[in-house]
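Okay, so here's the structure we're looking at.
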Amino acid sequence: MALETYGNCLSCLLVPLALWSIVVNILLYFPNGKALHAASYQLPNHEWYFEGICFSGVMILILSVILIILECSVFYRCCQSESCNKTYRSFISIVLALLGIAFSGYSCIIFTLHLIQGPFCNSSSGWNYIFKDAAGGYLTDYPAWSKCTEPANIVEWNIILLSILIALSGLQLIICILKVAAELKRTLCGTYSVFVQAGIL
């Protein structure tokens, strides 16, 4: 019962997470709050693909809005029985939540890989991913951060923002999984009610 009760609130939680994900992703384009490097295309390749903004941001936001609409009592009745109507709504919600799992899971993996790869910065050897062969070891090798001379403090900027994005997409993933579990329970109970009303059992 508790899982079903809180299931209706889960979709609303996705909205601020998606909005924050979009904001933090945009900040990645402006190291230290400056647009100089974005204007000169001196940013990591993954940022130009808009993966974070698209999947953990816009797509999750669209899914959450649709899920909220489905949970409204004014939703269009697809069949005469109220139990049948709720069952179909739950089925659609499950499909959307599964898409949410795919989008947020993909984003979480991508953010983690980019965090391990390290920032795109200028060093004595020019603009490159100087930590790409460190397998994430640079994260605790603070003296090595000084190898990145430009943009200033890019390593810290990269680590903080990507860590936030990993946390946001991870929360989205957990919420979508809980949403699937809640809707599955609701669908099974609703299906049982439909069978009873139809005289199948």
Subset of region 99-126 (residues that are β-branched (Val, Ile, Thr) and within 16 Å of Leu173 (Cβ to Cβ)): Ile101, Ile109, Ile110, Thr112
Taking the condition of being touching a helix residue (DSSP H, G or I) at 6+ places or on another chain (Cβ under 8 Å) and either open to solvent by 20 Å² or more (accessible area, probe 1.4 Å) or among the polar types (S, T, N, Q) (or both), how many residues in region 151-167 meet it? 9
Residues in region 103-136 that are loosely packed, with under 14 Cβ neighbours inside 10 Å and within 16 Å of the chain's Cα centre (by Cα): how many? 2
Do the conditions hold for Ser73, that is, is it small (Gly, Ala, Ser) and at pLDDT below 75? yes
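The values are calculated or read from the model by the stated rules, or taken from the named source; none is laboratory data. Keep in mind that what you see is a predicted model, and the values were worked out from it rather than measured. Reconstructed Cβ throughout: ideal geometry from the backbone, glycine too, with neighbour counts over all protein chains shown. Heads up: the accessible areas ignore ligands, DNA and RNA and are worked out on the full protein's heavy atoms, side chains in. Shrake-Rupley method; radii C 1.70, N 1.55, O 1.52, S 1.80 Å.
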